[in-house]
1. Cα-Cα over 21 Å: which of 56/143; 56/164; 51/164?
2. What full-extension length gain, to one decimal in nm, is calculated for residue 79 and residue 112 as 0.36 nm per residue of separation minus the Cα-Cα distance?
3. May I ask you to list the residues of segment 45-67 whose amide nitrogen lies under 11 Å from a point 7 Å from Cα along the Cα→beta-carbon direction of residue 144?
4. Indicate the gyration tensor shape class of segment 71-123 (rounded, prolate or oblate), computed on the Cα atoms with a ≥ b ≥ c the square roots of the eigenvalues: a/c under 1.5 is rounded; otherwise a/b larger than b/c is prolate and the rest oblate.
5. Name the residues whose placed amide hydrogens come within less than 5 Å of the amide hydrogen of residue 94, ignoring near sequence neighbours (fewer than 5 apart) on the same chain.
6. Non-local amide H neighbours of residue 148 (under 5 Å, H modeled in plane, Pro and chain starts lacking H): which ones?
Amino acid sequence: GGGSEPQPNKVRIIRSRVICPYLTSCLLPHRRGEQVDRAVTGAQANGYFSKPDPSKAGLLIYGTDAMRIALKRQDVIAALVGSQGQEEMRVTRIPAGELRKEKALLLDAVKAIGFFYGPRVAFVEDANSFVDDTIINALNQWKEGDAQIIITAGNLKKTSKTLKAFEAHENAFAA
């Protein structure tokens with residue numbers, strides 16, 4: 001034996017390229033020895049939006065173009081739950097304003113057991129710094145079989161707690 005699992009935010013170097021240990025189809029050019037944060041960009045993001053991994057904890061989609069974010073969010077949710085997902089109540093939509101007032105909404109949606117078979121999504125719309133701790137708590141308590149957490153947000157600063165949590169989480173992505 002002798003091999004060990006890659007450590008979070010560490011990378012393996014193969015032929016002067018770095019491979020993210022969590023996104024196996026992801027070849028990212030970096031300098032030797034650099035660490036990679038787990039933000040997904042460009043072609044990787046488009047590939048993930050069209051074929052998301054239902055075993056992952058979640059995805060944070062953020063940026064300045066609200067229409068593009070909404071379209072990408074629709075793509076991801078449709079790819080996860082299929083065309084009948086909304087009708088089968090496998091998607092829980094939570095506006096950030098409601099989450100701010102009722103902090104248990106997200107974790108309840110993530111842990112809920114659905115009536116219909118198939119993947120479930122807990123979707124937080126227009127997240128902001130007022131709901132950072134609630135989102136991070138739900139992300140940290142996520143277990144396989146729970147609903148995938150999809151978060152949309154406007155333009156986040158690099159110091160955003162939610163952005164940092166998604167980039168650092170071993171089973172979630174930010175795009």
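1. Pairs exceeding 21 Å: 51/164.
2. So the extension gain works out to 9.8 nm.
3. Zone members listed by number: 55-56.
4. Oblate is the answer for segment 71-123, as a/c is 1.5 or above yet b/c matches or exceeds a/b.
5. When sequence neighbours closer than 5 places are left aside, the close amide H contacts are 123, 124, 125.
6. Residues meeting the amide H criterion: 120, 121, 122.
Since every read-out is calculated from the coordinates, none of them should be taken as a lab result. Just so it is clear, the model here is predicted, and its values are computed rather than measured. A quick note on method: Cβ atoms are made from the backbone with ideal geometry, for glycine too, and the neighbour counts reach across all protein chains shown.
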